[in-house]
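Okay, structure first, notes after.
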Amino acid sequence: MLAPTIDAPELGEAVGDDAGRRERTRVRRERMLTVGAPLLVLIVALGGWELFVRIQQVPPYILPAPSLVLQTLWTKWPLLQSSLLFTVKLTLLALVLAVIGGVALGTLFALSRTVEVSLFPYAVILQVTPIIAIAPLIMIYVDSVMGALLICAWIVAFFPILSSTVIGLRSADHNLRDLFTLYRASSWQRFRLLLAPSALPFFLSGLKVSGGLALIGAVVAEFVAGAAGKETGLASRIFEASFRSDIPLMFAALLLVSLCGIVIFLVTSWVSRKVLGHWHESELKRER
């Protein structure tokens with residue numbers, strides 16, 4: 001009696017379905033690991049912190065328990081919310097200005113060697129000078145507190161965008177450059193179709209760095225300014241709480257600063273995946 005035969009197309013479909021199921025399982029397992037492992041570490045760390053404070057009976061003015069920090073965050077939310085909005089606004093404004101200025105100047109540097117030689121050393125000097133050293137001068141010469149804080153945050157976030165843009169524009173494959181020259185492409189065609197796509201991965205990498213640096217610059221500038229009043233950010237809340245020895249409030253404000261930085265990083269990473277995920281090697285999903 002002959003065994004039943006399976007057509008080649010049916011066999012191919014079966015193998016393809018099985019491979020697809022294995023790939024989906026692998027991706028699901030990887031996502032669970034990516035989310036679950038850090039979450040487990042966080043739960044263990046917070047649980048240990050809570051137990052240590054309760055067992056050792058550590059006073060809250062020395063080390064508050066996580067539960068007390070969350071309680072303070074809830075009770076002081078109206079105060080912290082306004083400060084959070086101010087810090088977020090300052091950070092996003094600085095990041096937007098850094099992107100505009102960094103991309104514009106980086107493009108100019110990449111297209112003109114003379115301009116780069118003339119201005120790039122000053123950009124490096126601006127970057128390597130600690131912001132905490134020049135922030136007091138900015139506070140003196142700029143009348144607006146918001147404007148001074150914005151300048152400080154912009155200085156910190158500006159250079160990574162500039163540097164990554166310049167490197168990206170110069171990283172285009174030389175064979176493609178020769179091909180564009182062979183076909184007598186215009187300067188605009190060369191920039192739009194070759195240089196800009198080559199620079200995009202570098203720019204998005206610099207954007208991830210600048211997002212966090214803009215937040216750091218905003219917080220450091222507020223510490224230096226010692227700003228107080230209606231429009232104050234989370235750094236001012238930390239500064240004010242330190243004078244009052246309100247350690248739970250300091251931890252609550254610090255928690256919001258950290259969460260703000262995490263959100264900025266996640267958003268910039270999501271943008272990078274959406275823009276590069278379907279064509280660039282840095283974001284393509286590889287088989288294990």
Does residue 245 meet the test of being in contact (Cβ under 8 Å) with a residue 24 or more places away in the chain and on the phi > 0 side of the Ramachandran plot? yes
Are any residues in region 199-226 in contact with a Gly (Cβ under 6 Å, 6 or more places away or on another chain) and not hydrophobic (A, V, I, L, M, F, W, C), and if so, which ones? 212, 222
For region 122-134, how many residues are under 22 Å from the mean Cα position of the chain (by Cα) and open to solvent by 70 Å² or more (accessible area, probe 1.4 Å)? 3
Given the condition within 22 Å of residue 253 (Cα to Cα) and outside any helix (DSSP H, G or I), answer yes or no: does some residue in region 28-45 qualify? no
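Okay, residues lined up against (1) in contact with a Phe, Trp or Tyr (Cβ under 8 Å, 6 or more places away or on another chain); (2) surrounded by 16 or more Cβ atoms within 10 Å (Cβ to Cβ):
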| residue | (1), (2) |
| --- | --- |
| 178 | no, no |
| 189 | yes, no |
| 207 | no, yes |
| 242 | no, no |
| 262 | no, no |
| 268 | no, yes |
Matching helices (runs of 4 or more DSSP H) fully within region 139-217 where at least 3 residues are small (Gly, Ala, Ser): 145-169
Members of region 89-121 found to be more than 15 Å from residue 161 (Cα to Cα) and open to solvent by 50 Å² or more (accessible area, probe 1.4 Å), listed by number: 89, 111, 113, 114, 117, 118, 119, 121
All positions within region 104-156 that are touching a residue at least 12 places away in the same chain (Cβ under 8 Å) and small (Gly, Ala, Ser): 106, 110, 123, 135, 148, 153
Take the conditions buried (at least 22 other Cβ atoms within 10 Å of the Cβ) and under 23 Å from residue 115 (Cα atoms) and apply them to residue 169. Does it pass? yes
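For (1) assigned to a helix (DSSP H, G or I); (2) of a type in the set (Ser, Thr, Tyr); (3) modelled with pLDDT of 90 or more, each residue gets a yes or a no:
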{"site": "221", "(1), (2), (3)": "yes, no, no"}
{"site": "229", "(1), (2), (3)": "no, no, no"}
{"site": "249", "(1), (2), (3)": "yes, no, yes"}
{"site": "263", "(1), (2), (3)": "yes, no, yes"}
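The values are calculated or read from the model by the stated rules, or taken from the named source; none is laboratory data. Because the structure is predicted, anything quoted here is derived from the model rather than measured. In this analysis, Cβ positions are derived from the backbone assuming ideal geometry, glycine residues included, and neighbour counts consider all displayed protein chains. In case anyone asks, the SASA skips ligands and DNA or RNA and just uses the protein heavy atoms, side chains included. Shrake-Rupley method; radii C 1.70, N 1.55, O 1.52, S 1.80 Å.
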